[in-house]
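This report refers to the structure that appears directly beneath it.
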Amino acid sequence: MKKFYLIIILIFGLFFTSLIKNQTREVEKKIRIIDKKINYLDLKLSEASIEFEYLSSPERITNIIPDYLEDNFSFYNNNQINILNYKNLFEEIGLSKITKNIEKN
């Protein structure tokens, strides 16, 4: 009788081991597929960021401005740029309520 129980336990053990092994293989396949997708997307992101850096560089923009814009642009010096003071602007317009709200914040 002990041999019978031992054989049944071994058969169930082998059966459950094979089930667990098959499920593990399926999970590993899914992990590999997802890992490949992540690597592909990471590569695409890297390429896109390199392309963005190149296309948005000041030298590149300066070179392509004549091709797309006909206006002649000039650059401002630091002394030509004024700091906007909202409080004075609103007082000139006559919006004293907004000025009070700015002072509170």
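The values are calculated or read from the model by the stated rules, or taken from the named source; none is laboratory data. Predicted model, so just to flag it, every value in this text is computed and none were measured. Cβ placement follows ideal geometry from the backbone for every residue including glycine, while neighbour counts extend to all protein chains displayed.
Yes/no matrix, rows are residues, columns are (1) assigned to a helix (DSSP H, G or I); (2) at pLDDT 75 or above; (3) surrounded by fewer than 10 Cβ atoms within 10 Å (Cβ to Cβ):
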| site | (1), (2), (3) |
| --- | --- |
| I31 | yes, yes, no |
| L43 | yes, yes, no |
| E70 | no, no, yes |
| K87 | yes, no, no |
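The set of residues in the range 1-14 that are loosely packed, with under 10 Cβ neighbours inside 10 Å and assigned to a helix (DSSP H, G or I) comprises K2, K3, F4, Y5.
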